[in-house]
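Single-structure report; data block below.
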Amino acid sequence: MRRVVLLIVSLLAPCAGAAGNGTWTQFDAWKGGAQLVTNIERGRIVWGFGLGRDDGELWSRASALYTWQVGDDQAPWKLRAGPALKAEEIAWWQREDHRWTRCLDAEGESCARLQAGMRLSADRWAEYGRWGTFVMADYTAIDDAALLVGGLTHMPSGLGGQLSVWHEAGGEVTPTLMASAPVTRRLRVRLGHKFVEDETFIGLSFSTY
């Protein structure tokens with residue numbers, strides 16, 4: 001993986017484009033849990049943070065990705081790579097199965113593990129008349145997790161739709177369908193459904209882009 005990242009860096013460095021600035025935050029809740037995700041872009045670095053609870057288990061993650069911009073400045077591809085960390089709750093009897101673990105109480109019943117790995121991402125926003133399109137591919141070596149996203153937005157009304165596919169090691173391929181509508185210029189409401197888990201979620205997103 002390290003050699004792959006170094007090869008990508010060497011190939012794309014001469015093509016680096018302009019840096020960006022903005023913040024994007026999303027919160028979703030469903031019957032079995034909730035998730036908060038924030039990306040903060042400052043220059044060529046995107047700081048990513050996430051916190052969630054699913055089926056009673058708490059997790060958090062963070063990443064720092066360097067950005068290379070390729071293609072037309074009006075609709076460039078943004079290619080990103082960098083380190084990522086993930087912390088999640090585990091049962092006390094699982095401590096011996098993981099490398100970096102720590103118990104959070106004196107009784108040793110509340111424990112967590114920390115994982116580190118590389119994260120790679122590519123995304124593109126483009127406008128075609130009255131429509132805006134968004135595509136993204138994201139891979140994290142932690143959990144061998146991959147996410148594919150395709151979105152379409154009607155620019156005059158702000159109404160949008162999105163189809164995503166998620167997969168991680170040991171799990172099933174999970175498609176999700178989501179619709180969104182503007183509340184204010186920067187705030188949107190989201191409604192979606194995860195088909196494998198058969199879970200419906202509702203949420204909000206906020207963007208300064």
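Could you give every pair whose Cβ atoms fall below 9 Å, whose first residue belongs to the stretch 32-57 and is within 26 Å of ARG80 (Cα to Cα), and whose second residue is surrounded by fewer than 15 Cβ atoms within 10 Å (Cβ to Cβ) and of a type in the set (Val, Ile, Thr), counting only separations of at least 6 or pairs across chains?
From residues that are within 26 Å of ARG80 (Cα to Cα), there are no pairs.
Conditions: (1) surrounded by 15 or more Cβ atoms within 10 Å (Cβ to Cβ); (2) farther than 21 Å from LEU187 by Cβ; (3) at pLDDT 95 or above. GLY132 meets all but one. Number of the miss?
(2)
How many residues are in a strand (DSSP E or B) and surrounded by fewer than 16 Cβ atoms within 10 Å (Cβ to Cβ) when one looks only at the stretch 149-166?
Here is the first cut: in the stretch 149-166, the residues in a strand (DSSP E or B) are 149-154, 160-166.
Among the residues that remain, those that are also surrounded by fewer than 16 Cβ atoms within 10 Å (Cβ to Cβ) are: 150, 152, 154, 161, 163, 165.
Total meeting the criteria: 6.
Residue by residue, here is whether (1) surrounded by fewer than 17 Cβ atoms within 10 Å (Cβ to Cβ); (2) at pLDDT 95 or above holds:
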residue	(1), (2)
ALA29	yes, yes
GLY33	no, no
ILE40	yes, yes
LEU51	yes, yes
ASP54	yes, no
LEU58	yes, no
LEU65	no, yes
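With ASP138, ASP144, ASP105 as the choices, which residue is exposed (fewer than 15 other Cβ atoms within 10 Å of the Cβ), modelled with pLDDT of 90 or more and under 28 Å from LEU58 (Cβ atoms)?
Numbers: ASP138 fails: exposed (fewer than 15 other Cβ atoms within 10 Å of the Cβ); ASP105 fails: modelled with pLDDT of 90 or more.
Going through ASP138, ASP144, ASP105 in turn, just one is exposed (fewer than 15 other Cβ atoms within 10 Å of the Cβ), modelled with pLDDT of 90 or more and under 28 Å from LEU58 (Cβ atoms): ASP144.
Restricting to the stretch 169-195, what's the tally of residues that are open to solvent by 60 Å² or more (accessible area, probe 1.4 Å) and either touching a helix residue (DSSP H, G or I) at 6+ places or on another chain (Cβ under 6 Å) or part of a loop (DSSP other than H, G, I, E, B) (or both)?
Qualifying residue count for the region: 9.
What pairs can you find where one residue is in the stretch 136-147 and more than 15 Å from ASP123 (Cα to Cα), the other is surrounded by fewer than 17 Cβ atoms within 10 Å (Cβ to Cβ) and among the basic types (Lys, Arg), and their Cβ atoms are less than 9 Å apart, with a gap of 6+ or different chains?
none
The values are calculated or read from the model by the stated rules, or taken from the named source; none is laboratory data. It should be emphasised that the depicted structure is a prediction, and the values quoted were computed from it without experimental measurement. Please note: Cβ atoms are built from the backbone with ideal geometry, for glycine as well, and neighbour counts cover all protein chains shown. Note: areas computed on protein heavy atoms with side chains; ligands, DNA, RNA excluded. Shrake-Rupley method; radii C 1.70, N 1.55, O 1.52, S 1.80 Å.
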